[in-house]
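Each reported figure results from applying straightforward, stated rules to the coordinates on display, with no laboratory input. Because the structure is predicted, anything quoted here is derived from the model rather than measured. Here the Cβ positions follow ideal geometry from the backbone for every residue, glycine too, while neighbour counts run over all protein chains shown.
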Amino acid sequence: MGVLVLLEVLAGFDPDEADPGFVRSVHAAASDPEVLEDPLPTTLCGISTDPLVHTHYQAGYGEPWYPAAFEDRRCRECERALRRL
């Protein structure tokens, strides 16, 4: 299963700048097995992926699943679910 990192953002978010001030939470979702760049309908914590912004972030070996700039905004429920995988 591939894991995609998605952002729950506030109004005014600019995807080109990805200002952490506009990010409410960082979530993880499984990728669709038929279209790997698309998330499944819900995140690992159970919220809809429809309104979320795809980060296209890929963690390297030993790196966290989320971009470092958003460490304090990571979803703890998604993180617990990832640890159970």
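Brief remarks on what is shown
- Distance (nanometres) between label positions extended 7 Å along Cα→Cβ at ASP32 and LEU82: 2.2
- The chain - share of DSSP beta bridges that are antiparallel (%, nearest 5): 90
- Spin-label model distance (nm) - TRP65 vs THR42, 7 Å beyond Cα toward Cβ: 1.6
- Segment 3-84: radius of gyration over Cα atoms, expressed as a fraction of 2.2 N^0.38 Å: 1.02
- Projecting the Cα atoms of CYS45, VAL23, PRO33 onto the dipole axis of segment 1-48, where Lys and Arg carry +1 and Asp and Glu carry -1 at the beta carbon, places CYS45 farthest toward the positive end.
- For the chain, the relative contact order is 32 percent, taking Cα pairs closer than 8 Å that sit 6 or more residues apart in sequence and dividing their mean separation by the residue count.
- Cut-off 17 Å, label 7 Å out along Cα→Cβ of ARG24, residues of segment 63-85 by amide N: 72-78
- In segment 28-85, GluC sites (Glu not before Pro) in a DSSP loop with at most 12 other beta-carbon atoms within 10 Å: GLU34, GLU37
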